[in-house]
């Protein structure tokens with residue numbers, strides 16, 4: 001069986017053909033489109049490592065069949081910022097040591113971008129923790145992740161008054 | 001020859017909280033983990049896991065699986081190609097017996113019973129499903145009560161020796177108060193976010209591996225042995241590990257099978273274990289049942305501390321969680337005994353998991369100490385201070401350094417411990433939640449392994465430093481570069497660091513919290529060797545301001561050599577090298593702890609953890625609301641990264657205290673919750689009010705860099721502190737971990 005969809009992937013609209021209806025968005029990205037930045041942690045939607053934005057919403061790529069994405073807009077970690085630059089969330093993750101091994105990090109960052117866009121958490125650490133709890137970090141860099149989301153939120157929502165580091169979380 | 005002054009201990013690089021050098025690669029998705037590599041012609045491998053824990057595989061529908069489009073080959077015990085290494089043997093110090101389809105027996109659930117190779121991951125998954133295995137099952141043994149316990153035969157790794165200091169029975173007899181309690185800890189699984197993976201490619205008899213490894217050189221030796229090739233024919237790339245926690249130092253059966261498949265099929269093979277297969281062939285922290293007998297005299301001094309640990313291992317190999325070791329180095333008991341007993345179960349072989357032994361042992365010991373303090377009517381911290389060990393209990397060896405008193409004091413002050421009521425169930429918050437405060441002492445040994453390194457100073461004043469270190473998140477890419485830069489007297493940005501590849505000098509093992517000390521020690525030695533050569537050139541060169549310095553002390557800083565006693569006599573590295581033919585200079589170094597150093601001093605990191613919990617009085621839901629840890633771990637190379645390690649360890653303590661437990665189905669022996677929905681690990685919402693304090697500690701004995709290590713100690717102390725806080729909130733002693741709602745409701 002040959003399938004094809006038209007997808008806007010990291011800002012570029014392209015026709016993508018694949019051979020198998022079982023292909024998930026995660027395996028499409030990793031194995032067929034050479035975009036391995038999105039990580040596989042559980043393949044069950046339980047860990048959040050594969051989080052990408054689909055039409056602006058946080059989505060676990062491992063639970064999304066590629067064939068369902070006709071016309072969708074998908075953003076992965078590779079497309080978050082222009083080459084050579086960092087998105088404010090990426091910068092905040094570095095500043096606050098919000099990762100250790102780095103494996104869950106692309107998913108954490110995409111989830112943080114989605115959370116900030118949802119506007120439900122603001123800089124409230126309790127709401128950030130809740131909103132980021134779909135993304136497991138086994139190194140347990142949660143303290144830094146919360147600080148990073150605070151910092152990025154501040155710099156994106158109020159870029160003029162943004163402090164370099166987040167509030168105590 | 002000029003004497004080379006040691007680099008300044010808190011120089012321009014080490015001691016600074018620089019951000020991770022691999023940070024940009026990790027936040028942009030550019031960091032290539034093993035399974036992110038995809039050579040042309042790749043095949044995807046997937047193991048079929050045993051659905052029973054004991055018995056035999058009687059049938060596999062190989063024809064059906066192989067007829068599925070895209071399936072290339074099914075490997076089973078019936079057709080498994082020849083493997084030179086015997087999987088029942090152990091080629092290296094840290095080896096386990098593995099399962100590589102050597103026969104049709106099943107020794108634990110999740111054991112590989114076949115491997116499917118396919119053109120796509122989807123076809124491999126369908127191929128595994130179509131195998132539809134049939135079994136002759138026997139009743140599995142999965143709990144500590146199902147077999148008679150035996151004394152563990154000492155034998156190094158995973159087989160701890162019993163220890164006895166003093167007359168334990170006399171000491172028990174002399175006690176005026178005694179405690180005899182039993183604590184249990186649950187089976188836990190590492191569950192690094194990156195599951196075990198390999199991309200294997202053969203060219204002739206040369207093997208190329210992308211494989212996350214905590215021990216690159218040792219892994220190469222093991223794979224060379226399995227495949228009957230010289231070790232120099234194996235190259236292993238492991239620039240980043242997506243977590244390890246002890247589970248990625250040792251070759252596993254599925255990885256060896258994937259490499260074998262690549263050789264037989266003549267194509268590169270990728271294997272990435274599904275999450276469920278991380279509950280079997282990749283090691284775990286075995287369950288323990290620990291009995292602690294404590295006695296104190298009229299002055300509240302410990303007369304006896306007797307710690308016996310019963311732990312599980314597999315039916316075919318030995319790794320016993322060395323839990324009772326946790327009681328050997330901590331409190332000044334007049335008599336000390338630690339013993340280990342084992343039970344053979346139908347489970348995968350346990351292995352080292354972050355703070356092996358100390359995590360489980362400290363959990364039980366710190367709760368027992370709390371119970372003893374309660375019985376004596378003492379504050380738990382005061383009781384510990386009364387039994388503070390000034391020298392190592394039993395041996396009398398001095399500590400290389402021990403700032404534990406400072407940890408107790410600073411942690412207690414920060415936490416507000418002085419305001420703690422002595423009796424439980426005294427505090428409530430505004431919402432009516434029961435509030436409790438508990439504490440525990442943290443301890444982890446400071447071992448070293450062996451490592452080599454190379455440093456090259458370039459004519460332009462930059463340097464390349466090299467060692468095959470492993471970065472599983474602890475920050476080796478950054479901290480080791482900082483150490484090397486200081487040894488070379490260079491700013492960090494002038495130092496390029498090559499690591500994570502087996503072609504480099506052996507960086508040793510990233511384990512035991514000893515990697516920074518060991519690989520860092522080797523880099524320090526290599527850098528110092530380069531500076532020694534450079535000083536010889538400069539002091540012999542009439543054109544150098546350092547000429548004729550003779551025995552004066554030369555030091556390197558900011559890219560210059562200078563005389564320590566007369567800093568006006570200085571010259572830039574580039575200038576010295578330019579007059580010396582413009583050649584680069586290369587130096588080598590190694591690090592290991594001399595045995596006499598290990599004899600002379602007891603060496604450990606120490607700490608104190610204070611916990612606040614809130615417990616719903618009706619629902620018994622427990623939340624850890626504050627956790628303050630104060631740690632003394634020698635010299636801290638990078639406070640930013642060290643804090644992250646300590647936070648991470650303490651959060652592992654939360655997981656062990658409240659969340660993590662693998663449940664076995666007694667009928668099949670399978671782990672019922674072999675996924676991240678059922679096997680709970682802490683998430684962001686579980687972590688509030690965490691604070692880490694580090695206590696400055698100068699240790700002149702532990703190693704030349706004064707480093708003790710921070711990777712594991714955070715788990716210790718924390719588990720007991722939380723258990724004790726739950727008692728303080730509720731008045732209920734739960735003597736099992738994790739502590740669950742039903743335990744609190746049942747009491």
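The values are calculated or read from the model by the stated rules, or taken from the named source; none is laboratory data. Just so we're clear, the structure is a prediction, and the values are computed from it rather than from any experiment. FYI the Cβ positions are ideal-geometry reconstructions off the backbone, even for glycines, and counts take in every protein chain you see.
Could you go through segment B:586-602 and let me know if any residue there is assigned to a loop (DSSP other than H, G, I, E, B) and exposed (fewer than 14 other Cβ atoms within 10 Å of the Cβ).
Looking for residues that are assigned to a loop (DSSP other than H, G, I, E, B) and exposed (fewer than 14 other Cβ atoms within 10 Å of the Cβ), one finds at least one in segment B:586-602, hence yes.
Those residues that are more than 7 Å from chain B (Cβ to nearest Cβ) and either assigned to a helix (DSSP H, G or I) or touching a strand residue (DSSP E or B) at 6+ places or on another chain (Cβ under 8 Å) (or both), I need them from segment A:96-109; list them, please.
Scanning segment A:96-109 gives A:107, A:108.
Anything in segment A:33-49 that is facing chain B (nearest Cβ under 9 Å) and either part of a helix (DSSP H, G or I) or over 16 Å from residue A:134 (Cα atoms) (or both)? List them, or say none.
If the condition is that a residue be facing chain B (nearest Cβ under 9 Å) and either part of a helix (DSSP H, G or I) or over 16 Å from residue A:134 (Cα atoms) (or both), then A:34, A:35, A:36, A:37 are the ones that fit.
Every residue in segment B:407-466 that is part of a loop (DSSP other than H, G, I, E, B) and under 30 Å from residue B:491 (Cα atoms), please.
Result: B:446, B:447, B:448, B:449, B:450, B:458, B:459, B:460, B:461, B:462.
Please work out which one of (1) surrounded by fewer than 19 Cβ atoms within 10 Å (Cβ to Cβ); (2) touching a strand residue (DSSP E or B) at 6+ places or on another chain (Cβ under 6 Å); (3) farther than 23 Å from residue B:31 by Cβ is the condition residue B:526 fails and give its number.
The single condition residue B:526 does not satisfy is (1).
Identify all residues within segment A:61-85 that are more than 9 Å from chain B (Cβ to nearest Cβ) and in contact (Cβ under 8 Å) with a residue 40 or more places away in the chain; write none if there are none.
A:64, A:65, A:66, A:67, A:69, A:70, A:71, A:72, A:73, A:74, A:75, A:79
Can you name every residue in segment B:283-299 that is over 24 Å from residue B:173 (Cα atoms) and part of a loop (DSSP other than H, G, I, E, B)?
Result: B:283, B:284, B:286, B:287.
May I ask you to list the residues in segment B:173-211 that are farther than 30 Å from residue B:143 by Cβ and either surrounded by fewer than 18 Cβ atoms within 10 Å (Cβ to Cβ) or within 14 Å of chain A (Cβ to nearest Cβ) (or both)?
Once the filter is applied, which keeps residues that are farther than 30 Å from residue B:143 by Cβ and either surrounded by fewer than 18 Cβ atoms within 10 Å (Cβ to Cβ) or within 14 Å of chain A (Cβ to nearest Cβ) (or both), segment B:173-211 yields B:173, B:174, B:176, B:177, B:194, B:197, B:199, B:203, B:204, B:205, B:206, B:210.
Out of curiosity, is residue B:476 within 14 Å of chain A (Cβ to nearest Cβ) and under 29 Å from residue B:597 (Cα atoms)?
Yes; evaluated as a whole, the condition is true for this residue.
Of all residues being within 14 Å of chain A (Cβ to nearest Cβ) and in contact with a strand residue (DSSP E or B) (Cβ under 9 Å, 6 or more places away or on another chain) in segment B:219-268, which is farthest from residue B:351 (Cα to Cα)? Just the residue, please.
B:268
Quick test for you: out of A:53, A:26, pick the one residue that is crowded, with 19+ Cβ neighbours inside 10 Å, more than 11 Å from chain B (Cβ to nearest Cβ) and either under 19 Å from residue B:676 (Cβ atoms) or within 10 Å of the chain's Cα centre (by Cα) (or both).
A:53
For segment B:88-141, how many residues meet the condition of being within 14 Å of another protein chain (Cβ to nearest Cβ) and part of a loop (DSSP other than H, G, I, E, B)?
Residues flagged as within 14 Å of another protein chain (Cβ to nearest Cβ) and part of a loop (DSSP other than H, G, I, E, B) within segment B:88-141 amount to 2.
Take residue B:348 and tell me if it is crowded, with 23+ Cβ neighbours inside 10 Å and within 28 Å of residue B:668 (Cα to Cα).
When the stated conditions are applied, residue B:348 passes them.
So is residue B:321 buried (at least 24 other Cβ atoms within 10 Å of the Cβ) and either assigned by TED's automatic domain parsing to the domain that holds residue B:376 or part of a loop (DSSP other than H, G, I, E, B) (or both) or not?
Criteria met by residue B:321.
Quick check on this structure: which one of B:285, B:293 is closer than 30 Å to residue B:34 by Cα and touching a strand residue (DSSP E or B) at 6+ places or on another chain (Cβ under 7 Å)?
Just a single option satisfies the conditions, and that option is B:285.
Being in a loop (DSSP other than H, G, I, E, B) and at the interface with chain A (Cβ under 10 Å from one of its Cβ atoms) is the filter here, so list the residues in segment B:623-679 that pass it.
Within segment B:623-679, B:638, B:675, B:676, B:677, B:678, B:679 qualify.
Assess whether residue B:23 counts as being modelled with pLDDT of 95 or more and away from chain A (no Cβ under 14 Å).
no
Scan segment B:478-494 and tell me whether some residue there is without any contact (Cβ under 8 Å) to a residue 60 or more places away in the chain, outside any strand (DSSP E or B) and assigned by TED's automatic domain parsing to the domain that holds residue B:376.
no
Collect the residues in segment B:467-492 that are surrounded by fewer than 24 Cβ atoms within 10 Å (Cβ to Cβ) and farther than 25 Å from residue A:141 by Cβ, keeping them in residue-number order.
B:491
What number goes with the only condition from (1) within 14 Å of chain A (Cβ to nearest Cβ); (2) closer than 20 Å to residue B:289 by Cβ that residue B:158 does not pass?
With (1) within 14 Å of chain A (Cβ to nearest Cβ); (2) closer than 20 Å to residue B:289 by Cβ applied to residue B:158, the lone miss is (1).
Considering only residues that are part of a loop (DSSP other than H, G, I, E, B) and more than 7 Å from chain B (Cβ to nearest Cβ), look in segment A:110-136 and name the one that is surrounded by the most Cβ atoms within 10 Å (Cβ to Cβ).
Ranking the qualifying residues of segment A:110-136, first place goes to A:135.
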